[in-house]
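Step one of this worksheet: look at the structure below.
The values are calculated or read from the model by the stated rules, or taken from the named source; none is laboratory data. Here the structure is a predicted model, which is why all the values come from computation and not from measurement. Virtual Cβ from ideal backbone geometry, glycine too; neighbours counted across all protein chains shown. Note: accessible area is taken over every heavy atom of the protein model, side chains too, but ligands, DNA and RNA are not part of it. Shrake-Rupley method; radii C 1.70, N 1.55, O 1.52, S 1.80 Å.
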Amino acid sequence: MESIPYKIYLSENELPQAWYNLRADMINKPAPLLNPATLKPMTAEELAPVFCKELIEQELDDTTPFIPIPQEIRDFYKMYRPSPLVRAYCLEKALDTPAKIYYKFEGGNTSGSHKLNSAIAQAYYAKKQGLKGVTTETGAGQWGTALAMACGYLGLDCHVFMVKCSYEQKPFRREVMRTYGATVTPSPSNTTAVGRKILEEFPDTSGSLGCAISEAVEAATTQEGYRYVLGSVLNQVLLHQSIIGLESKTALDKYGVVPDIIIGCAGGGSNLGGLIAPFMGQKLRNEADYRFIAVEPASCPSFTRGKFAYDFCDTGMVCPLAKMYTLGSGFIPSANHAGGLRYHGMSSTLSQLYHDGYLEATSVKQTDVFKAAELFARVEGTLPAPESSHAIRVAIDEALRCKETGEEKTILFGLTGTGYFDMVAYEKFHDGLMTDYVPTDEDIQASLSELPKVDL
Ligand SMILES: *Cc1c(COP(=O)(O)O)cnc(C)c1O
């Protein structure tokens, strides 16, 4: 037995004092957000009706490497952080691999995922600005739950537009949100103009994150004292999620462990961006080298089959445009896709890094993801979220490759959450009803052909 414990816990005083802003070390900065009306870079003033003031500053800040974490947020973090870094001894044994596998577990809070790290920060700045409340969308439900918890704690009003299929599939998620005081509306809904328009065109739609975003933005901009908050994709969210990587690095440094490969699932890119942040910083500064792998579902393959272009962040085309790897804002993954990570685009920071060759990406099919999830649950004990299981899949595949080559690589992956609310998906898998729909080139071309024309 090696001297590294199963779980490396940090003490409360080792909680990072500042978030790390990866963009400060990037030579090619992510492209600016564009105003959908003028196609010119969005200014802070133009963003102000939609977003909270301090969050806009963080969003637009490409140069400050460390941004102090306010004491109130640190106090909230202490309720569930530092999160454990686990050495997956049991998984290594089950795979009979010489690889050393570590995972950073973010599911140890009631919302069940890493999203709480940014939810509390965003709710805090909204409260500080004197706002009444915030609006948002949620897909699988983790973000809405996290935001409901943060708003409940700070006494802010929270209105969540929940993608309809998930609202129907996950009634308990909805009730958790309501327990924390949030209002939850299935999207598309007839409570907004954009929702009514989408319903008129597609009455049977099961909804999409893009639609729900449009509705939440409209609800924020048409009510006094409200702003919109987003749980992924944005630079500010990656900034808050850097706490995952900072803690991981502190824990590994304690034992002199240096990862070779760092793996994360990628929906909008926030957990991956956060996990890799300090390591990528070293790579950008030429201080160290690592392999970084983004894992996405084969049914929603933004990095691996999308285009690096300016696109709308939402279906209703009301949000700013971001330059990112995208499948087109009209892309809606097949309804049988159960594993989360359904967003059509990707963080502009990660998109730029991928474009510049700092980051690899791969896509995996959902039945393979659930096979990995089940093995992980059985040997490591934790029931993983389907999203997180994308990273588990590739961590296992890399470990099996080490078994073939005899290499003793050190693998770190992000275990972003637990899967308690995903049992309908697990049920489909167990009953053999889960299929692997992969969009055709024609499907993807159809939505890409609608990309906005932007000449800069
Ligand atoms: C939201 C979510 C993801 C994907 O979002 P990212 O912004 O790409 O991190 C992954 N895992 C879990 C558990 C989630 O809730």
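Miscellaneous remarks
- Residues that are under 16 Å from ALA121 (Cβ atoms) and either in a strand (DSSP E or B) or near the ligand (Cβ under 10 Å from one of its atoms) (or both) were ranked within segment 220-229; the one that is most open to solvent (accessible area, probe 1.4 Å) is ARG227.
- Taking segment 252-267 as the range and being surrounded by 17 or more Cβ atoms within 10 Å (Cβ to Cβ) and in contact with a Leu (Cβ under 8 Å, 6 or more places away or on another chain) as the test, the residues that pass are LEU252, PRO259, ILE261, ILE262, ILE263, GLY264, CYS265, ALA266, GLY267.
- Selection from segment 87-141 of residues that are away from the ligand (no atom under 16 Å from the Cβ), open to solvent by 10 Å² or more (accessible area, probe 1.4 Å) and hydrophobic (A, V, I, L, M, F, W, C): CYS90, ALA94, LEU95, LEU131
- Selected residue (criterion: farthest from the ligand (Cβ to nearest atom)) from residues of segment 256-274 that are more than 18 Å from GLY417 (Cβ to Cβ) and in a loop (DSSP other than H, G, I, E, B): GLY256
- Residues of segment 151-165 satisfying the condition of being within 17 Å of HIS240 (Cβ to Cβ), out of contact with any strand residue (DSSP E or B) (no Cβ under 8 Å at 6 or more places or on another chain) and of a type in the set (A, V, I, L, M, F, W, C): LEU154
- None of GLU200, GLU215 is open to solvent by less than 10 Å² (accessible area, probe 1.4 Å) and away from the ligand (no atom under 16 Å from the Cβ) except GLU215.
For (1) assigned to a strand (DSSP E or B); (2) in contact with a Ser or Thr (Cβ under 6 Å, 6 or more places away or on another chain), each residue gets a yes or a no:
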position	(1), (2)
GLY144	no, yes
MET149	no, yes
GLY152	no, no
CYS158	yes, no
MET162	yes, yes
SER166	no, no
PHE172	no, no
VAL176	no, yes
GLY181	no, no
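- No other residue among SER270, SER208, SER189, SER248 is of a type in the set (Ser, Thr, Tyr), in the same structural domain as THR63 (by TED's automatic domain parsing) and surrounded by 24 or more Cβ atoms within 10 Å (Cβ to Cβ) apart from SER208.
- Annotation: ARG393 fulfils all but one of (1) crowded, with 24+ Cβ neighbours inside 10 Å; (2) free of Cβ contacts under 8 Å to residues at least 40 places away in the same chain; (3) of a type in the set (Lys, Arg); the unmet one is (2).
- Lone unmet requirement of (1) open to solvent by 10 Å² or more (accessible area, probe 1.4 Å); (2) away from the ligand (no atom under 16 Å from the Cβ) for ASN235: (2)
- Of all residues in segment 197-215, exactly one satisfies the criterion of being outside any loop (DSSP other than H, G, I, E, B) and among the hydroxyl-bearing types (Ser, Thr, Tyr), namely SER214.
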